[in-house]
Amino acid sequence: MDDRSRTDRTDELPNDDAHMSSAVGTPFVDDPYISVRGLSVEYAQMPAIRNVSLDFARHEVVALIGPSGCGKSTFLRCFNRMNDTIDSARVTGVIAIDDKDIYAPDVDVVALRARIGMVFQKPNPFPKSIYDNVAYGPRLHGIAQNRIELDDIVYSSLERVGLLAEVKERLHENATSLSGGQQQRLCIARAIAISPEIILMDEPCSALDPIATARIEDLIDELRANFTILIVTHSMQQAARVSQRTAYFHEGRLVELGLTPSVFTNPAHRLTEDYITGRVG
């Protein structure tokens, strides 16, 4: 980008005191499925997320990018309330799914987590059989009424992630015998087996080779038809390939959120441009 294309970019960081987002781009959508307003997170009184407000639509993939330590993963873990397990964490603000605040006192956290699947950076299959890994959630939440229904859930979940043909003769082998890419697809199958509405992915391909990464990215595109997906990634190429919108975080603030092609070809904030061009990172 030459200097002429930079003249209309803003350098100002979002204002911590503003209730609505000062992020540039399109942080809000019509008919939002998820609405975040004034979300802040502190660990031992140290701010990790600062007054973030934005929306997510149904059936979209949103990539969360930014330098290490900018708050992407902390933000992601607010949606299934994983920060609840950290004594020093304090979460304020509102996250509403279908207009219901998930931090309201009457929210059943176990039921909430059944609506929100999580896939971590490193594949983490349980030390159980391939079958039992996928069956774990349906058993825990009482989704399957009998073995026939459970078999159907396990087989269909493995089929959806393109793994069934590779493991159908090995379903009762330990899941740790699978390759890294297969383990990650198994973890995605485990996440979707309970029919969640939202899938959170925290750098799901960072430990995988290019071939396994391509299969996961193809899978993300297929899953978008049924799920809303939020993905943290350090790969801007991956963000460009899999997402419809991209959010750039800096020092715990949401700086910019917009359509992915626009964010990468014509960012509206100087910090976003500096990151995607490699000036900072």
Inter-residue pairs, beta-carbon under 9 Å, first closer than 24 Å to residue 182 by Cβ and free of Cβ contacts under 8 Å to residues at least 24 places away in the same chain and in the range 136-158, second surrounded by fewer than 16 Cβ atoms within 10 Å (Cβ to Cβ) and of a type in the set (S, T, N, Q), 6+ apart
none
When you look at residue 170, is it in a loop (DSSP other than H, G, I, E, B) and of a type in the set (Lys, Arg), yes or no?
yes
Considering only the range 41-57, state which residues are farther than 30 Å from residue 217 by Cα, of a type in the set (S, T, N, Q) and in a strand (DSSP E or B).
51
Based on what the data block shows, is residue 225 within 18 Å of the chain's Cα centre (by Cα), closer than 21 Å to residue 156 by Cα and of a type outside the set (S, T, N, Q)?
yes
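Within the range 167-185, take every residue that is more than 17 Å from the chain's Cα centre (by Cα) and either in contact (Cβ under 8 Å) with a residue 60 or more places away in the chain or within 28 Å of residue 234 (Cβ to Cβ) (or both) and give me the one that is surrounded by the most Cβ atoms within 10 Å (Cβ to Cβ).
Ranking the qualifying residues of the range 167-185, first place goes to 175.
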Of all residues in the range 44-76, which are over 16 Å from the mean Cα position of the chain (by Cα) and more than 23 Å from residue 273 (Cα to Cα)?
44, 45, 46, 47
Scanning the range 88-106 for residues that are surrounded by 14 or more Cβ atoms within 10 Å (Cβ to Cβ) and either polar (S, T, N, Q) or out of contact with any Cys (no Cβ under 7 Å at 6 or more places or on another chain) (or both) gives 89, 90, 93, 94, 96, 97, 101, 102, 103
Among the candidates 94, 61, residue that is among the β-branched types (Val, Ile, Thr), within 19 Å of residue 228 (Cβ to Cβ) and either out of contact with any helix residue (DSSP H, G or I) (no Cβ under 7 Å at 6 or more places or on another chain) or without any contact (Cβ under 8 Å) to a residue 60 or more places away in the chain (or both)
94
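Throughout, read-outs are computed from the coordinates displayed, never taken from laboratory work. Please read all numbers here as calculations on a predicted model, not as lab measurements. No Cβ is skipped: glycine too gets one built from the backbone with ideal geometry, and neighbour counts run over all protein chains shown.
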